[in-house]
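K.L.:
Dumping the structure here so I can ask a few things about it.
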Number of protein chains: 2
Amino acid sequence: MWLGLDIGGANLKAADGRGAARLRPFPLWRRRGELVQALAELIAEFSEADGLAVTMTGELADCFETKAQGVAAIVDAVVKAAGGRAVRVYRNDGSFAGPQDALADPLTVAAANWHALARFAGRYAPQKSALVMDIGSTTCDLIPLVHGLPSPRGRTDPERLVSGELVYTGVQRSPVCAVASRVPWRGFLCPLAQELFATTWDVYLLLGDLPEAPDRTDTADGRPATRQAAHDRLARAICADRTMVDWAAAEAIARAIAEAQLDQLAEAADRVISMLPERPTSVVLSGQGEFLARRVLERLGLSTRIVSLAETLGPDVSCTAAAHAVAVLAAESTFA
Amino acid sequence: MWLGLDIGGANLKAADGRGAARLRPFPLWRRRGELVQALAELIAEFSEADGLAVTMTGELADCFETKAQGVAAIVDAVVKAAGGRAVRVYRNDGSFAGPQDALADPLTVAAANWHALARFAGRYAPQKSALVMDIGSTTCDLIPLVHGLPSPRGRTDPERLVSGELVYTGVQRSPVCAVASRVPWRGFLCPLAQELFATTWDVYLLLGDLPEAPDRTDTADGRPATRQAAHDRLARAICADRTMVDWAAAEAIARAIAEAQLDQLAEAADRVISMLPERPTSVVLSGQGEFLARRVLERLGLSTRIVSLAETLGPDVSCTAAAHAVAVLAAESTFA
């Protein structure tokens, strides 16, 4: 069995391609030295794994000076954690490389997880035109599919930012001051402080779109991912506190930020869709931001067939979709 | 001698009101437990201090749930670090309070440093209409003076954000993704990643507006405040690295972000000026962002008399202007 690993800057994800999946918050930029240990523990949870299929975005984490350095560190950590298991790294042309080949051409394996996801998702949307929308904690991938195959305009991260296929905004980690510039307060528009006081997690906690997670403290202020703490964080985003911004006022602030994020995603999705040969007849959704993806489709008036990976394969697989994808693609591949 | 202390969320500032001043980076939100010790060390550098005149903005740091809690913790830390010296806390009505009175009415001492600065600066600009512009690492204060006295529309932080008198953007700590949304890259407009990859410090390092500080590592990635590391950080802000964004491309990115910040400040300054009884005949400048304040005046076509505190009192005092102000105001006050 191939275990799929998706190694990001904020989360480690593992999936066996058969329905089991794990997501572990892991701030790589702060805990780089613990990566081997964290991976070894994650791999140990899948006793049947005899090979590791790897994809990553963590090479962008700012503990690395360049992407090449990041790819080298991550591949090295996987090999050390692999305990002798085979390691294959997914490339953004759909092939797998051994560790040495991956290191020789690092930009082909950097940030390739979207391609693996799209290759896998294509089987659910083999029509002439389709779209994959994966909205996660930090980023959103909008990948055009033509006859079930990825048909992107960009390959690298900045190319994909330009094309709208990567929108670097998500439903948990995005600073609210990057999503919106002004929010309503006491009948005025109040500029948000340009400071990491609150994130989109707080917005969707307050609006009830994401469940409370009292054990998660990887929030803007290190306090729990609860609605009460989210209220405090959103008040702080305009340099206030809960005595100056009551619950209803915090909800109004949250709605304004959610609306700004929806605008950004709808604008990008509209551009990506405009490059397809025809209006998409299927949309494949994955990630913990599926609720937001559905709002984007509604905003665009795209009442097309929706394939929800959460409904089809379960929420755990949906939130680790690229790890699941590389596991499945590796199992289907024939390695020399 | 009264020692002025300005206790912020990112920096501790001390000044004796006679020309000596110190700025110590101190991330209060991470090192709250070390505040007493850090203050004691700072106070010890001024052997003639027999009283402490205090102002603050650090109560907003997200280690505190509310401003009242933050004020209480900061006043308590000052009293503990004071070694028996008298402690007076500046209020946003221009008076000083003892520690107990400050705690009884915490919102009057929270974020009052702008008021102390304006009271002090008024002596350099006694005309009918004048403006104080203090641009620091994190925030910018734009304070209207009428006949040399502060004449603000807002008192609290959110009120001042609404009025434009507080612009929560600065020349070092502001995340670039909060300042701008898109930057030029290879002839395209590329959205910035909504992530704390780079700050305005990198922008002004690259453009040569701020000097390199290789010993300072309170940057976005914990690497030094050098031009080379700033290049890496700005490249990462569009999910690239130095191999994909050369020096000239990084400069173009920096210019676009600087331009966006200038726009925001000019818009706010224009609004603040419009509420003065007439066009200001003097502008008092302070803070490490004086270069940016001068660009704002130029943009607004305001060729008025400029009083630079850096030129008048020296750059150290200018960068700790509110601490200098409370020291001077305390020395001039008669306490019961």
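The values are calculated or read from the model by the stated rules, or taken from the named source; none is laboratory data. In this text the structure is predicted, and so the values were computed from the model without any measurement. Cβ atoms come from the backbone with ideal geometry, glycine included; neighbour counts cover every protein chain shown. For accessibility, only protein heavy atoms count, side chains too; no ligands or nucleic acids. Shrake-Rupley method; radii C 1.70, N 1.55, O 1.52, S 1.80 Å.
K.L.:
Spot the failing condition for B:ASP209; the list is (1) more than 10 Å from chain A (Cβ to nearest Cβ); (2) in a helix (DSSP H, G or I), and only one is missed.
P.N.:
Looking at each condition in turn, B:ASP209 falls short on (2).
K.L.:
Right, next: Only residues in segment B:159-170 that are farther than 16 Å from A:PHE197 by Cα count as the first member; pair them with residues that are among the β-branched types (Val, Ile, Thr) and in a loop (DSSP other than H, G, I, E, B), Cβ under 7 angstrom, at least 6 apart or cross-chain, and list the lot.
P.N.:
What qualifies is B:LEU166/B:THR139.
K.L.:
Then there is this: Applying the selection to segment B:279-300, what residues are among the polar types (S, T, N, Q) and closer than 21 Å to B:VAL317 by Cα?
P.N.:
Matches in segment B:279-300: B:SER282, B:SER286, B:GLN288.
K.L.:
Out of all the residues in segment A:162-184, which are in a loop (DSSP other than H, G, I, E, B) and within 7 Å of another protein chain (Cβ to nearest Cβ)?
P.N.:
Passing the criteria: A:TYR168, A:THR169, A:SER174.
K.L.:
Any residue at all in segment A:139-161 that is farther than 23 Å from A:ALA327 by Cβ, in a loop (DSSP other than H, G, I, E, B), away from chain B (no Cβ under 14 Å) and at pLDDT 95 or above?
P.N.:
Yes, segment A:139-161 contains at least one residue that is farther than 23 Å from A:ALA327 by Cβ, in a loop (DSSP other than H, G, I, E, B), away from chain B (no Cβ under 14 Å) and at pLDDT 95 or above.
K.L.:
Select from segment A:92-106 the residues that are under 19 Å from B:MET244 (Cα atoms) and of a type outside the set (A, V, I, L, M) and list them in ascending order.
P.N.:
Within segment A:92-106, A:ASN92, A:ASP105, A:PRO106 qualify.
K.L.:
May I pose another question? Residues in segment B:45-60 that are within 14 Å of chain A (Cβ to nearest Cβ) and open to solvent by 10 Å² or more (accessible area, probe 1.4 Å): how many?
P.N.:
2
K.L.:
Every residue in segment A:218-231 that is within 14 Å of chain B (Cβ to nearest Cβ), touching a helix residue (DSSP H, G or I) at 6+ places or on another chain (Cβ under 9 Å) and either exposed (fewer than 15 other Cβ atoms within 10 Å of the Cβ) or part of a helix (DSSP H, G or I) (or both), please.
P.N.:
A:GLY222, A:ALA229, A:ALA230, A:HIS231
K.L.:
Given the structure, is A:VAL79 surrounded by 15 or more Cβ atoms within 10 Å (Cβ to Cβ), in a strand (DSSP E or B) and without any contact (Cβ under 8 Å) to a residue 40 or more places away in the chain?
P.N.:
Taking the combined requirement at face value, the residue does not satisfy it.
K.L.:
Let me ask something additional. Over 24 Å from B:TRP29 (Cα atoms), at pLDDT 95 or above and open to solvent by less than 10 Å² (accessible area, probe 1.4 Å): does that describe B:PHE120?
P.N.:
yes
K.L.:
A further question follows. Looking only at segment A:216-254, count how many residues are of a type in the set (D, E, K, R) and within 21 Å of the chain's Cα centre (by Cα).
P.N.:
Going through segment A:216-254 one residue at a time, the tally reaches 2.
K.L.:
Follow-up. Can you tell me which of A:THR320, A:THR312, A:THR243, A:THR334 is among the hydroxyl-bearing types (Ser, Thr, Tyr), touching a residue at least 24 places away in the same chain (Cβ under 8 Å) and farther than 18 Å from A:VAL171 by Cα?
P.N.:
Answer to the check: A:THR312.
K.L.:
Additional query: Looking at segment B:178-194, which of the residues that are in contact with a strand residue (DSSP E or B) (Cβ under 8 Å, 6 or more places away or on another chain) and of a type outside the set (A, V, I, L, M) is most open to solvent (accessible area, probe 1.4 Å)?
P.N.:
Per the criteria, the residue is B:ARG182.
K.L.:
Check off (1) open to solvent by 10 Å² or more (accessible area, probe 1.4 Å); (2) under 24 Å from A:GLN288 (Cβ atoms); (3) not small (Gly, Ala, Ser) for A:PHE96 and give me the number that stays unchecked.
P.N.:
Result: A:PHE96 fails condition (2) only.
K.L.:
Between a first residue in segment B:185-203 that is more than 8 Å from every other protein chain (Cβ to nearest Cβ) and a second residue that is part of a helix (DSSP H, G or I) and of a type outside the set (D, E, K, R), which pairs have beta carbons less than 6 Å apart while being 6 or more apart in sequence or on different chains?
P.N.:
B:ALA198/B:VAL176; B:ALA198/B:LEU234; B:ASP202/B:ALA230; B:ASP202/B:LEU234; B:VAL203/B:ALA254; B:VAL203/B:ILE257; B:VAL203/B:ALA258
K.L.:
I need every pair where a residue in segment A:20-44 that is within 14 Å of chain B (Cβ to nearest Cβ) has its Cβ under 7 Å from the Cβ of a residue that is among the basic types (Lys, Arg), sequence separation at least 6 or different chains.
P.N.:
none
K.L.:
Does A:PRO152 fit the bill of being more than 21 Å from A:GLU311 (Cβ to Cβ) and open to solvent by 20 Å² or more (accessible area, probe 1.4 Å)?
P.N.:
Taking the combined requirement at face value, the residue satisfies it.
K.L.:
Suppose the filter is in contact (Cβ under 8 Å) with a residue 12 or more places away in the chain, at negative phi and touching a Cys at 6+ places or on another chain (Cβ under 6 Å); does A:ASP134 pass it?
P.N.:
When the stated conditions are applied, A:ASP134 does not pass them.
K.L.:
So which residues in segment A:108-117 are buried (at least 22 other Cβ atoms within 10 Å of the Cβ) and in a helix (DSSP H, G or I), if there are any at all?
P.N.:
Of everything in segment A:108-117, those that are buried (at least 22 other Cβ atoms within 10 Å of the Cβ) and in a helix (DSSP H, G or I) turn out to be A:ASN113, A:TRP114, A:HIS115, A:ALA116, A:LEU117.
K.L.:
Tell me, yes or no, whether segment A:234-251 has at least one residue that is surrounded by fewer than 16 Cβ atoms within 10 Å (Cβ to Cβ) and part of a helix (DSSP H, G or I).
P.N.:
yes
K.L.:
Shifting gears a bit: Kindly check whether there is at least one residue in segment A:50-72 that is within 23 Å of B:ARG223 (Cα to Cα), among the basic types (Lys, Arg) and at pLDDT 95 or above.
P.N.:
Within segment A:50-72, one or more residues are within 23 Å of B:ARG223 (Cα to Cα), among the basic types (Lys, Arg) and at pLDDT 95 or above.
K.L.:
Could you look through segment B:45-67, keep only residues that are in contact (Cβ under 8 Å) with a residue 40 or more places away in the chain, in contact with an Asp or Glu (Cβ under 8 Å, 6 or more places away or on another chain) and not β-branched (Val, Ile, Thr), and pick out the one that is farthest from B:ASN113 (Cα to Cα)?
P.N.:
Within segment B:45-67, the match that is farthest from B:ASN113 (Cα to Cα) is B:GLU48.
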